[in-house]
Amino acid sequence: MEINILEQIVIPIIKVLFIAHLLVIGVMVMIWSERRVSGWIQDRLGPNRVGPQGLLQPIADGIKFLFKEDLIPNHVDKPLYVLAPAMLLIPAMLTIAVVPFGDAITIGELEISLQIADINIGILYILAITSLGVYGVVIGAWASNNKYSLLGGLRSSAQMISYELTLGLGIIGVLMLSGSLSLRTIAGEGQAIAGEGQGSYPWEWNFLIHFPAFLAFTTAMFAETNRLPFDLAEAEQELVAGYHTEYSSMKFAIFFMAEYMNMIVGSAVVVTLFLGGWQFFGLETMGGPIWSGVISFAIFFIKTGIFLFVFIWVRWTLPRFRYDQLMNFGWKFLLPVALTSIVVTGTLYIATKGNLVWIGIGNTVAAFIVVSIVAGILALDNNSKAAAQDTSAAPLRQETLTIEAIE
Amino acid sequence: MSLPLEYYLVLSALLFTIGVIGVLIRRNAIIIFMCIELMLNAANLAFVAISRHLGQAEGQLFVIFVMAVAAAEVAIGLAIIVSVFKHRETINVDEINSLKG
Amino acid sequence: MNPELIVFIIFGTVSIIGAIAVISFRHPIYSALSLIVTFFSQAGLFVLLGAHFVAAVQVIVYAGAIMVLFLFVIMLLNLGTLSAKGALTGKLKGVAIILGILLAVEGVYIAVRALKNDTAVASDAAKEAAAALANKPIETYDIGRLLFSDYLLPFEVTSLILLAALIGVIVLVKRDKQPEN
């Protein structure tokens, strides 16, 4: 077997290094923009002293973290305590490997695909790796040997398992239409059995065809990243800082970085699955063999950036869910919506012989009906309960259960 | 050139045996449960290896069935362990020796 | 050396070490983590065998769901103090290990011997047919088609099993809401 050194070794290494660094720089930009945007939303300035517009603030933060004393408390389980931040960061970085961040750059004979690895089970790989992120939180919480941390870890593991279902089921409709598990195929041309990929124009993208699934998937993505309004695992007012209470210095910074990396990767995945990937009004095909790749990358980058802004926007706008509300929302609303989307997409695809307009309308209407039914049943249930007994601290039940079990 | 089937079967047999030994020597119900999962996995490995050897997809199909059943089993088993712990304050299988709740 | 063999040796060794760690760590949380390592190396072996879909499902189901459930229960019951009480292993530990080694020898013997007989009996034509089949990769598509045609009934029965498990768990852990009079 002949090995082409340039194609099989040099270019992949360059791609990996480029993406890894892009991710780390992205985290820094995100930290800065989160603080600036939150300042803007709350009508204040935000950090603006270090460098122009405060752009060097993340570097200052990093230096501060690096030079802080690396404290390991006496009461922790040392090997797991040290391992936990890495267990959160590594899955966050691994996921980006299969996301296609652009078309291809062609230089003469050489075609460089703008993706680290186009594996044929790409979307399953993403689900598998993101499901590992919970270990970092749970192990960190347990190793800290602290009641608040443990509560945060328990909450987080229950939350992650619940929302992962929606994450997995929400994309089934997309997969059914594109007929492939490869992310490049889903983002672009489509293939095989059904073969409906996403076109270049917004009305051909998946988020219109699978609008309820898109909302459910995005919400589950928010929950998976443990950010407001789903940051039950680290709710400051209740649990000090949740699972990273006992962490300081660079270890804490790694937890922090992993959260932002998950956001970036999550946005990239949503853009790929639902928002047409690197395509926008046919712009990506203009500009010849070399520049079209660069343009497509820029389009993908901008789309991801816009979605990241939505992440920040939601965080600083919505208040936190209560724990029972969180569980109810996940199991009683998101999961039925995702399941409905599967049934309706499959049925309508056969019934209308693949008419995407009808599938889109059907999905939205069906999801609306399902949500109203669930809401109606819940309202009736609540009324009868209120009539039967004086509601006695119902929201606290879940919490007392865990506290009793721990003590 | 792919590896001979024996390699995978031997590995599978070894993993299965470790699972059996675990069930025999440990007294913690949760660890015994983990050992059962280990044994199921060893069987899965044999399934997939033979599936490739024969060139048939059925082997992989059965792995998926095994996983579905294992998931159901884990949910039930852990629920039983939790409720036993609530009643008896222990999950040492030597101490759980009466059927009376 | 055959690169496939190297990968096999790495994953095989890791999975055996992980499995031994499962049964020898004192604390269940370490056992659970070792089991995750074993599951991972098994997923690697599945990829080596060309079963990409099964490998992904292995990680999603075992590492992503089942082991999180184990960790959740270990943390919920806070078993750390429990295992320190001693009586960690049974009384007949030696006997168990000897029996286990016997079982291992037997298993290895069957695995090697049965295949030898198999290949000795088979005719050349059958061997060639088997070799041709063995090189055919099994795609996710093949699994899906089988699942929804020949094995549709078992597939539906599996969903019933999951439903039964769901109901069973709810019944088992449900707390009585009625106040005790």
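The values are calculated or read from the model by the stated rules, or taken from the named source; none is laboratory data. The shown structure was predicted, so the numbers you read here are calculated from the model rather than taken from an experiment. Using ideal geometry, Cβ is built from the backbone for each residue, glycine included, and neighbour counts are taken over all protein chains shown. Heads up: the accessible areas ignore ligands, DNA and RNA and are worked out on the full protein's heavy atoms, side chains in. Shrake-Rupley method; radii C 1.70, N 1.55, O 1.52, S 1.80 Å.
It is to be established whether one or more residues within region A:338-351 are open to solvent by 60 Å² or more (accessible area, probe 1.4 Å) and within 23 Å of residue A:224 (Cβ to Cβ).
Looking for residues that are open to solvent by 60 Å² or more (accessible area, probe 1.4 Å) and within 23 Å of residue A:224 (Cβ to Cβ), one finds at least one in region A:338-351, hence yes.
Exactly one condition in (1) free of Cβ contacts under 8 Å to residues at least 60 places away in the same chain; (2) open to solvent by less than 20 Å² (accessible area, probe 1.4 Å) is false for residue B:56; which is it?
Only one criterion in (1) free of Cβ contacts under 8 Å to residues at least 60 places away in the same chain; (2) open to solvent by less than 20 Å² (accessible area, probe 1.4 Å) is unmet by residue B:56, namely (2).
Tell me, which residue of region B:53-88 that is touching a helix residue (DSSP H, G or I) at 6+ places or on another chain (Cβ under 9 Å) and of a type in the set (D, E, K, R) is farthest from residue C:159 (Cα to Cα)?
Here is the first cut: in region B:53-88, the residues touching a helix residue (DSSP H, G or I) at 6+ places or on another chain (Cβ under 9 Å) are B:53-86.
So of that shortlist, the ones also of a type in the set (D, E, K, R) come out as B:58, B:73, B:86.
Working: B:58: 19, B:73: 13, B:86: 30 Å.
Out of the qualifying residues, it is B:86.
Just one of B:10, B:48 is surrounded by 17 or more Cβ atoms within 10 Å (Cβ to Cβ), at the interface with another protein chain (Cβ under 7 Å from one of its Cβ atoms), modelled with pLDDT of 80 or more and under 30 Å from residue C:145 (Cβ atoms); which is it?
On the way: B:10 fails: under 30 Å from residue C:145 (Cβ atoms).
Residue meeting the stated conditions: B:48.
Among the numbered conditions (1) touching a Ser or Thr at 6+ places or on another chain (Cβ under 9 Å); (2) open to solvent by less than 30 Å² (accessible area, probe 1.4 Å); (3) under 24 Å from residue C:33 (Cβ atoms), tell me where residue B:43 comes up short.
(2) is the only condition that residue B:43 fails.
For region B:60-70, which residues satisfy the criterion of being within 8 Å of chain C (Cβ to nearest Cβ) and more than 15 Å from residue C:43 (Cα to Cα)?
The first filter runs over region B:60-70 and keeps only residues within 8 Å of chain C (Cβ to nearest Cβ), leaving B:60-61, B:63-65, B:67-70.
Within region B:60-70, B:61, B:65, B:68, B:69, B:70 meet the criteria.
Do any helices (runs of 4 or more DSSP H) entirely within region A:137-204 hold 3 or more residues that are open to solvent by 20 Å² or more (accessible area, probe 1.4 Å) and modelled with pLDDT of 75 or more, and if so, which?
Details: elements: A:147-170, A:172-178, A:183-187.
In region A:137-204, A:147-170, A:172-178 are the helices (runs of 4 or more DSSP H) which contain 3 or more residues that are open to solvent by 20 Å² or more (accessible area, probe 1.4 Å) and modelled with pLDDT of 75 or more.
Inside region B:71-98, can you point out the residues that are facing chain C (nearest Cβ under 7 Å), closer than 14 Å to residue B:36 by Cα and open to solvent by less than 20 Å² (accessible area, probe 1.4 Å)?
Of everything in region B:71-98, those that are facing chain C (nearest Cβ under 7 Å), closer than 14 Å to residue B:36 by Cα and open to solvent by less than 20 Å² (accessible area, probe 1.4 Å) turn out to be B:72, B:74, B:78.
Among the listed residues A:157, A:149, which satisfies the condition of being among the hydroxyl-bearing types (Ser, Thr, Tyr) and within 8 Å of chain C (Cβ to nearest Cβ)?
Working: A:149 fails: within 8 Å of chain C (Cβ to nearest Cβ).
Of the residues listed, the single one that is among the hydroxyl-bearing types (Ser, Thr, Tyr) and within 8 Å of chain C (Cβ to nearest Cβ) is A:157.
Give the residue, chosen from A:304, A:317, that is outside any loop (DSSP other than H, G, I, E, B) and of a type in the set (Ser, Thr, Tyr). First the steps, then the outcome.
Details: A:317 fails: outside any loop (DSSP other than H, G, I, E, B).
Only one candidate qualifies: A:304.
Any idea which of B:43, B:57 is at pLDDT 85 or above and either within 7 Å of chain C (Cβ to nearest Cβ) or within 22 Å of residue C:51 (Cβ to Cβ) (or both)? So that I can check it myself, show each step before the final result.
Numbers: B:57 fails: at pLDDT 85 or above.
That would be B:43, the only listed residue that is at pLDDT 85 or above and either within 7 Å of chain C (Cβ to nearest Cβ) or within 22 Å of residue C:51 (Cβ to Cβ) (or both).
May I ask you to list the residues in region A:285-315 that are surrounded by fewer than 20 Cβ atoms within 10 Å (Cβ to Cβ) and under 19 Å from residue A:224 (Cβ atoms)?
Correct list: A:309, A:310, A:313, A:314.
Please work out which one of (1) more than 9 Å from every other protein chain (Cβ to nearest Cβ); (2) at pLDDT 85 or above; (3) under 23 Å from the mean Cα position of the chain (by Cα) is the condition residue C:144 fails and give its number.
Single failed check for residue C:144: (2).
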